[in-house]
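Accompanying notes for the structure given below.
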Amino acid sequence: MNALARHISDTIRIEGPLSLSAFMTMVLHDRHLGFYSAHESIGAHGAFVTAPEISQMFGELLGLWCAEIWRMQGGARSVRLVELGPGRGTLMRDALRAISSVPDFLGGIDVVLVEASCVLETLQREHLRDASVPIRWVRQWSDVGQDRPLFILANEFLDALPIRQFVMTANGWCERTIATDPEGELVLALAPDPTPLATPATRGDAALGAVYEISIAAEALVEEIACRIAGSGGAALFIDYGHAGVSYGDTLQAVARHKYVDVLASPGGADLSAHVDFGALVRCVKQTGACAHGPVAQGSFLRGLGIETRARQLSTQNSTKVNEIDAGMRRLIAPDEMGELFKVLAIMPAISPPPPGFETC
Ligand code: SAH
């Protein structure tokens, strides 16, 4: 048992079983032992590789997407570019470099990065030290500020937010918990009493053993962001692996060194995440009066933004890297790689035509 497992086991001995949400929060964010406290959580040497780490084109195209929406919305004088969960800072670095080709937009922005991990914040500060715009770091979305329209980017952020799981039993929906066995080892368990739960009609009837997942944190965040955009303009792009029309299922997963591992095996040593329920998020957006576009598949989104043209341009400039550039693009857009599994959801003000990359949906 590692040190964080022992700490969680002690907590359960004193306070009783933990919800999956509480467990995920401890595993990901413990100040000393949590997954995101480790320096090398993301990237080739970390647990997993994300789209901005695969190719510079990802951040560039997202940055230009923001500039284009800003232009479509009339080109406000001052706006804020926000990234939720910026990882190593790579996406923002590439986005700002691309945005420098739109000086009117670049001249009016400040950047706010929402990052819970001190370790990753340090890494982001290093990677963004040459940025030509003011950058501020905050720990949570509520500190981003209300004084100007927001353009929000979030890649693989929602999947890191805690989920709760409920399992259909003969008594009804019982919450999945983390408990301990007589030796103090962490085990999956179920709350003895059912939780009254309103499951959306879109999920259909639940058989015994069906698993219902909900991320209250993700839904609340998306709803708040949609309210802001409905009221003040701007836009948000959420990119993540997930599904739009779910039934039931357990999607909680742990990944260490690019491989799936047992969720309880080494808390803090592996990333914990769950598939994003985009259908639920779209319903949240619609309640606010903002407009949800998508989700569309990442491959079709990036092709719509011209990734193939950009790849050809980069290849002409770097003739020794043609294969690398092409392989990066393939990983991002091919249906058997990230192109289909990853989805893109845009949140826009109510009266707005489909943004670039969503024209076909
Ligand atoms: N967007 C990056 C990193 C994805 S990993 C990329 O694509 O490479 C998830 C990121 O979200 C990490 O930076 C992590 O520290 C941050 N994060 C996770 N939960 C968070 C929370 N509740 N509040 C703020 N940041 C969080």
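Out of Val296, Val285, one residue alone is out of contact with any Gly (no Cβ under 9 Å at 6 or more places or on another chain) and closer than 27 Å to Pro200 by Cα. It is Val285. Within region 80-108, being among the β-branched types (Val, Ile, Thr) and at pLDDT below 95 holds for no residue.
Pairs meeting the criteria (first residue in region 335-361 and among the β-branched types (Val, Ile, Thr), second residue not in a strand (DSSP E or B), beta carbons under 6 Å, at least 6 apart or on different chains) are Val344/Gln298; Val344/Phe301; Ile347/Ala226; Ile347/Ile229; Ile347/Val285; Ile347/Ala290. I'd like to verify a number: residues in region 118-146 that are under 14 Å from Gly85 (Cα atoms) and hydrophobic (A, V, I, L, M, F, W, C), how many? Residues flagged as under 14 Å from Gly85 (Cα atoms) and hydrophobic (A, V, I, L, M, F, W, C) within region 118-146 amount to 8.
The lone criterion from (1) of a type in the set (A, V, I, L, M, F, W, C); (2) at pLDDT 90 or above; (3) outside any helix (DSSP H, G or I) left unmet by Ala44 is number (2).
Can you give me the number of residues within region 68-91 that are under 21 Å from Trp137 (Cα atoms) and touching a residue at least 60 places away in the same chain (Cβ under 8 Å)? Spell out the reasoning first.
Here is the first cut: in region 68-91, the residues under 21 Å from Trp137 (Cα atoms) are 78-91.
Filter once more, so that each one left must be touching a residue at least 60 places away in the same chain (Cβ under 8 Å): 78-85, 87, 91.
Result for region 68-91: 10.
Report yes if Ala116 is surrounded by fewer than 22 Cβ atoms within 10 Å (Cβ to Cβ), among the hydrophobic types (A, V, I, L, M, F, W, C) and more than 10 Å from the ligand (Cβ to nearest atom), otherwise no. It is false that Ala116 is surrounded by fewer than 22 Cβ atoms within 10 Å (Cβ to Cβ), among the hydrophobic types (A, V, I, L, M, F, W, C) and more than 10 Å from the ligand (Cβ to nearest atom).
A quick yes/no check of all residues on (1) within 23 Å of Gly306 (Cβ to Cβ); (2) buried (at least 17 other Cβ atoms within 10 Å of the Cβ):
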position	(1), (2)
Met24	no, yes
Ser37	no, yes
Thr50	yes, yes
Ser55	yes, yes
Trp65	yes, yes
Trp70	yes, yes
Gly75	yes, no
Ser78	no, no
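The single condition among (1) surrounded by 18 or more Cβ atoms within 10 Å (Cβ to Cβ); (2) within 11 Å of the ligand (Cβ to nearest atom); (3) not in a strand (DSSP E or B) that Glu83 does not satisfy is (3). Of the residues making up region 119-137, those that are out of contact with any Phe, Trp or Tyr (no Cβ under 9 Å at 6 or more places or on another chain) and in a helix (DSSP H, G or I) are Thr122, Leu123, Glu126, His127.
The number of residues in region 221-258 being in contact with a helix residue (DSSP H, G or I) (Cβ under 8 Å, 6 or more places away or on another chain) and within 27 Å of Ala189 (Cα to Cα) comes to 7.
Scan region 19-27 and give yes if some residue there is within 13 Å of the ligand (Cβ to nearest atom), in a loop (DSSP other than H, G, I, E, B) and within 22 Å of Arg139 (Cβ to Cβ), otherwise no. Write out each step before concluding.
Narrowing region 19-27 to residues within 13 Å of the ligand (Cβ to nearest atom): 21, 24-27.
With the extra rule that they be in a loop (DSSP other than H, G, I, E, B), the set shrinks to none.
No: region 19-27 contains no residue that is within 13 Å of the ligand (Cβ to nearest atom), in a loop (DSSP other than H, G, I, E, B) and within 22 Å of Arg139 (Cβ to Cβ).
Inspect all residues belonging to region 301-318 and state whether any of them is crowded, with 16+ Cβ neighbours inside 10 Å and touching a strand residue (DSSP E or B) at 6+ places or on another chain (Cβ under 6 Å). Yes, that holds for at least one residue. Could you identify the single residue in Asp30, Asp94, Asp110 that is surrounded by fewer than 22 Cβ atoms within 10 Å (Cβ to Cβ) and away from the ligand (no atom under 14 Å from the Cβ)? Only one candidate qualifies: Asp110.
Quick check, is Trp70 within 15 Å of the ligand (Cβ to nearest atom) and hydrophobic (A, V, I, L, M, F, W, C)? Please lay out each step first, then the result.
Values: within 15 Å of the ligand (Cβ to nearest atom): no; hydrophobic (A, V, I, L, M, F, W, C): yes.
Criteria not met by Trp70.
The values are calculated or read from the model by the stated rules, or taken from the named source; none is laboratory data. Only a predicted model underlies this, so the values are computations on that prediction, with no experimental measurement involved. When we count neighbours, we look across all protein chains shown, and the Cβ atoms used for this are built from the backbone with ideal geometry, even at glycine.
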